[in-house]
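Take a look at the structure below.
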Amino acid sequence: MNPKYAAITAVAGWVPDHKLTNKDLEKLVDTSDEWITTRTGIKERRILKDETKGTSVLAINAVNALLDKANINGEDVDLIICATSTPDMGFISTANLVGEAIGTKAMSFDVSAACSGFIYALEMGSNFIKSGNYKKVVIIGADKMSSVIDYKDRNSCILFGDGAAAVLLEPHNELGVVDALMFSDGSGKELLNVKRGSAFPYSEEQVMGEHHYFHQDGKSVFKHAVTNMSAAAAQIMQQNNLSADDVAYLVPHQANLRIIDATAKRMGVGNDKVCINIEKYGNTTGATIPLCLWDFEKQFKKGDNIILAAFGGGFTWGSVYLKWAYDAK
Ligand SMILES: CC(C)(COP(=O)(O)OP(=O)(O)OC[C@H]1O[C@@H](n2cnc3c(N)ncnc32)[C@H](O)[C@@H]1OP(=O)(O)O)[C@@H](O)C(=O)NCCC(=O)NCCS
């Protein structure tokens, strides 16, 4: 019989040592610690300083920590899915590089869904487990956002940081991913993007015009994020008959504290149940939700109802309802 659920059975994260603080940013652009803190909730972010090292370095460190924690070898892993928007290269997935580093020849591929990448990948991994054909699936969220950010643009450089985290998914008959709601709407493409790729080949004009950097219309994105992320979180509660009291924790994408607050309010969930670590990492795109699971793991209890919610470029958004499967040691 196929397993009923896919459960997260371990989580681990990895961030570079270098901290880029709001005070450091005051020296780069016309901004202030006070503005950044009150408008976003961010105090500092981590940066992978070595320009020759890409997202795979973040991901490999996170996955090695995960394997250690779960006490398994790379060759035990039978699927790797890496959610990233900043792959090392355009051709060769970051998941492939992770597979090589940990010593598995299992299927591996990347998911490109910006800040919703991790929940998309989790939903996919969960269905692979439920097929009965996969027993140990590694889901990674990893991004080196500093590789696409213009540190002259105060509208965006204050928001992002680098990081990675990974979870192990295994079959379970009582606990795990119960439900997921995933959405996308490509009409948001001009409001949030990084124009690199086959339609935007490298040219002098592209680089001189600085079109290859991350671009967003912050105000519009903010409105879409609040509306869609909170609606997805509220909808998944409703369709699973969950009241605010039933929810133990909300683990939201960490883009802006005000977006997180609006989502929690719409769900009716108190601040004490909201997992927040935006102050120390900023927005790490695909990595925010697993980094948050890693930071808050010790608070979660076996059987806790946890809601994940995310919104990102595309647009992409969604929510996941899961029952936590273990008490951390
Ligand atoms: C980017 C964001 C923090 C800006 O906050 P905001 O409250 O919307 O601020 P606004 O864009 O309205 O700008 C207000 C003023 O602050 C200024 N400002 C913008 N960035 C600033 C900064 N870093 N420091 C100081 N002032 C800044 C603006 O120029 C503007 O000045 P003006 O009124 O003279 O034109 C916010 O819109 C946001 O978080 N958007 C969503 C971003 C996001 O989530 N992206 C990823 C998607 S997952």
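The values are calculated or read from the model by the stated rules, or taken from the named source; none is laboratory data. Quantities reported herein were computed from a predicted structural model and do not represent experimental measurements. Reconstructed Cβ throughout: ideal geometry from the backbone, glycine too, with neighbour counts over all protein chains shown.
The residue of the stretch 263-290 that is surrounded by the fewest Cβ atoms within 10 Å (Cβ to Cβ), among those that are among the charged types (D, E, K, R) and over 29 Å from SER56 (Cα atoms), is ASP272. Just so you know, in the stretch 291-328 the residues that are closer than 17 Å to TRP14 by Cβ and touching a Cys at 6+ places or on another chain (Cβ under 9 Å) include one that is surrounded by the most Cβ atoms within 10 Å (Cβ to Cβ), and it is CYS292. Residue count for the stretch 18-46 satisfying the condition of being part of a loop (DSSP other than H, G, I, E, B), of a type in the set (D, E, K, R) and more than 13 Å from the ligand (Cβ to nearest atom): 1.
Which one of these is at pLDDT below 95 and of a type outside the set (Val, Ile, Thr): GLU34, GLU51? Unique residue meeting the criteria: GLU51. Of all residues in the stretch 177-189, those that are touching a residue at least 24 places away in the same chain (Cβ under 8 Å) have Cβ atoms under 9 Å from Cβ atoms of residues that are of a type in the set (Lys, Arg), 6 or more apart or on another chain, in VAL177/LYS130; VAL177/LYS323; VAL178/LYS323. Within the set of pairs 6 or more residues apart or between chains, which connect a residue that is under 12 Å from ALA225 (Cα atoms) and not assigned by TED's automatic domain parsing to the domain that holds ARG45 inside the stretch 247-265 to a residue that is within 7 Å of the ligand (Cβ to nearest atom) and in a loop (DSSP other than H, G, I, E, B) with Cβ atoms less than 7 Å apart? Correct list of pairs: empty, since none qualify. Checking each residue in the stretch 85-112 for being assigned to a loop (DSSP other than H, G, I, E, B), within 14 Å of LYS144 (Cβ to Cβ) and of a type in the set (D, E, K, R) picks out only ASP88.
Scanning the stretch 315-329 for residues that are in contact (Cβ under 8 Å) with a residue 60 or more places away in the chain and more than 15 Å from the chain's Cα centre (by Cα) turns up TYR321, LEU322, LYS323, TRP324, ALA325, TYR326. Number of residues in the stretch 180-197 that are assigned to a strand (DSSP E or B) and either touching a helix residue (DSSP H, G or I) at 6+ places or on another chain (Cβ under 6 Å) or within 16 Å of the ligand (Cβ to nearest atom) (or both): the value is 8. If you go through the stretch 222-260 and keep only what is away from the ligand (no atom under 16 Å from the Cβ), hydroxyl-bearing (Ser, Thr, Tyr) and crowded, with 18+ Cβ neighbours inside 10 Å, you end up with just TYR249.
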